[in-house]
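Inspection log for the structure reproduced underneath, given as structure tokens.
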Amino acid sequence: MVKAEHGEEKVNSSVTVRFFASIAEATGVTKMTAMACDTADLMTVLAEHWSDDAVQAINQDNVRIAVNQSMIDGVTPLANGDEVAFLPPITGG
């Protein structure tokens, strides 16, 4: 559990994390399970788990994050069974 700003406790949830394209190459995996209460907490968990190069790939400004296939901006609460996807920009030719 994580203490929130006003004293309430946030419960960590088990979420599936998916990585695509260049992010999957940087992390070496396409899918993992993590425990986090929200997307900010998830970023902390990933930073503790991955190398600096992988963390840089995840934290790029042009990487989009989707929770349950809906794009998000900002910190989003997570629930058990949620899927979080890290989507790098896709270029065509």
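The values are calculated or read from the model by the stated rules, or taken from the named source; none is laboratory data. Here the structure is a predicted model, which is why all the values come from computation and not from measurement. Cβ atoms come from the backbone with ideal geometry, glycine included; neighbour counts cover every protein chain shown. Each accessible area value is taken on the protein alone, full model and side chains, heavy atoms only, with ligands, DNA and RNA left out. Shrake-Rupley method; radii C 1.70, N 1.55, O 1.52, S 1.80 Å.
Values for this structure:
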item: Values of log10 I(q)/I(0), in the order q = 0.17 Å⁻¹, for the chain under a Debye, Cα-only, solvent-free model; result: -0.70
item: In degrees, nearest ten, helix 39-49 long axis to first principal axis of the chain (Cα); result: 70
item: Radius 13 Å from Cβ of Ala36, net charge of other residues (Lys, Arg +1; Asp, Glu -1); result: -4
item: Distance (nanometres) between label positions extended 7 Å along Cα→Cβ at Ala40 and Ser70; result: 2.0
item: Most to least accessible of Thr44, Thr39 (protein chains only, probe 1.4 Å); result: Thr44, Thr39
item: Projected label distance in nm at Glu25 and Ile90, using a 7 Å step from Cα toward the beta-carbon; result: 1.6
